[in-house]
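S.K.: I'd like to ask some things about the structure below.
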């Protein structure tokens, strides 16, 4: 019997294999960050070695390092007006396809790349769909260090609590030189309202609520995959 970790890895891999079938020759591809996105990047690397011609924009330094090791051509985000397809992961998502992202700290670049993308694909294992956002995974918030305490106070005014993310007993620093707050709002019943309120806080650079930034979610479930399509009202 497979362990939970091995089963999740298998689901991530199956979702990634399905996701890369949406990529076409000559496209610009956004490369997500995190363990699930890494499976997709490795699959893209195989396609490139077999002759697929694409250009890619990474969402983090770690992603860029992995892509370059697989000989995936990297371009600057400022060299294009849009991205054809992006494949990225999520920390959790609800049945309205609202995502929480930022567990790896790359949420700012991830949100920029997603906003530039025409077809946004999320890959996930079966633990990521949730009935209620915010109960399992805290909401990452990227802040300018100078504004950290102010933003924490503003989060408190909105009914949440937050803590400064640490890594190896040091303050975690993003690729952009910012800090991350992990905010607990309990069950996020109205993501759009919370997103609007957070966007109005001076010094808050980006938050991990991704709304209307997923067109397709591919979930590995055991030995199969489920594809969820965004339906516009």
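S.K.: Suppose we keep only residues that are surrounded by 21 or more Cβ atoms within 10 Å (Cβ to Cβ) and in a loop (DSSP other than H, G, I, E, B) within segment 72-96. Which one would you say is farthest from the chain's Cα centre (by Cα)?
M.R.: Among those that are surrounded by 21 or more Cβ atoms within 10 Å (Cβ to Cβ) and in a loop (DSSP other than H, G, I, E, B), it is 72.
S.K.: State all residues of segment 9-31 that are under 17 Å from the mean Cα position of the chain (by Cα) and within 11 Å of residue 85 (Cα to Cα); if no residue qualifies, say none.
M.R.: Listed by number, the residues that qualify are 19, 20, 29, 30, 31.
S.K.: Turning to a different aspect of this structure: Here is a list: 91, 95, 81. Which entry is within 19 Å of residue 187 (Cβ to Cβ) and out of contact with any strand residue (DSSP E or B) (no Cβ under 6 Å at 6 or more places or on another chain)? Show your work before the answer.
M.R.: On the way: 91 fails: out of contact with any strand residue (DSSP E or B) (no Cβ under 6 Å at 6 or more places or on another chain); 81 fails: within 19 Å of residue 187 (Cβ to Cβ).
Testing whether each residue is within 19 Å of residue 187 (Cβ to Cβ) and out of contact with any strand residue (DSSP E or B) (no Cβ under 6 Å at 6 or more places or on another chain) leaves just 95.
S.K.: Looking at (1) within 17 Å of residue 114 (Cα to Cα); (2) assigned to a helix (DSSP H, G or I); (3) in contact with a helix residue (DSSP H, G or I) (Cβ under 6 Å, 6 or more places away or on another chain), which is the one condition that is false for residue 33?
M.R.: (2)
S.K.: Only residues that are outside any helix (DSSP H, G or I) and exposed (fewer than 14 other Cβ atoms within 10 Å of the Cβ): list them for segment 193-220, please. Full working, then the answer.
M.R.: Of the residues in segment 193-220, the ones outside any helix (DSSP H, G or I) are 200-220.
Selection gives 200, 202.
S.K.: On to the next question. Is it the case that some residue within segment 17-36 is touching a strand residue (DSSP E or B) at 6+ places or on another chain (Cβ under 9 Å), under 30 Å from residue 194 (Cα atoms) and surrounded by fewer than 21 Cβ atoms within 10 Å (Cβ to Cβ)?
M.R.: No, that holds for no residue.
S.K.: Counting just the residues of segment 38-56 that are out of contact with any helix residue (DSSP H, G or I) (no Cβ under 7 Å at 6 or more places or on another chain) and not in a loop (DSSP other than H, G, I, E, B), which one comes out nearest to residue 70 (Cα to Cα)?
M.R.: 45
S.K.: Here is a follow-up. Quick one: residue 159 ticks every box in (1) buried (at least 20 other Cβ atoms within 10 Å of the Cβ); (2) more than 15 Å from the chain's Cα centre (by Cα); (3) not in a strand (DSSP E or B) bar one, so which box is it?
M.R.: So residue 159 meets the others, but not (1).
S.K.: Residue check: is residue 147 surrounded by 14 or more Cβ atoms within 10 Å (Cβ to Cβ), outside any loop (DSSP other than H, G, I, E, B) and more than 16 Å from the chain's Cα centre (by Cα)? Before you say what the answer is, go through the steps one by one.
M.R.: On the way: surrounded by 14 or more Cβ atoms within 10 Å (Cβ to Cβ): yes; outside any loop (DSSP other than H, G, I, E, B): yes; more than 16 Å from the chain's Cα centre (by Cα): yes.
Here the answer is yes, as residue 147 does meet what is asked.
S.K.: Within the bounds of segment 62-71, is there any residue that is modelled with pLDDT of 95 or more, in a helix (DSSP H, G or I) and buried (at least 21 other Cβ atoms within 10 Å of the Cβ)? Give the steps one after another, and end with the answer.
M.R.: The first filter runs over segment 62-71 and keeps only residues modelled with pLDDT of 95 or more, leaving 62-71.
Filter once more, so that each one left must be in a helix (DSSP H, G or I): 62-69.
Retained after the next criterion (residues that are buried (at least 21 other Cβ atoms within 10 Å of the Cβ)): 63, 67.
Yes, segment 62-71 has at least one match.
S.K.: For segment 170-178, state whether one or more residues are touching a helix residue (DSSP H, G or I) at 6+ places or on another chain (Cβ under 7 Å) and either assigned by TED's automatic domain parsing to the domain that holds residue 99 or outside any loop (DSSP other than H, G, I, E, B) (or both).
M.R.: no
The values are calculated or read from the model by the stated rules, or taken from the named source; none is laboratory data. On a predicted model such as this, the values are computed, not experimentally measured, just so you know. Neighbour counts are summed over all protein chains in view; Cβ atoms, including those assigned to glycine, are modelled from backbone coordinates with ideal geometry.
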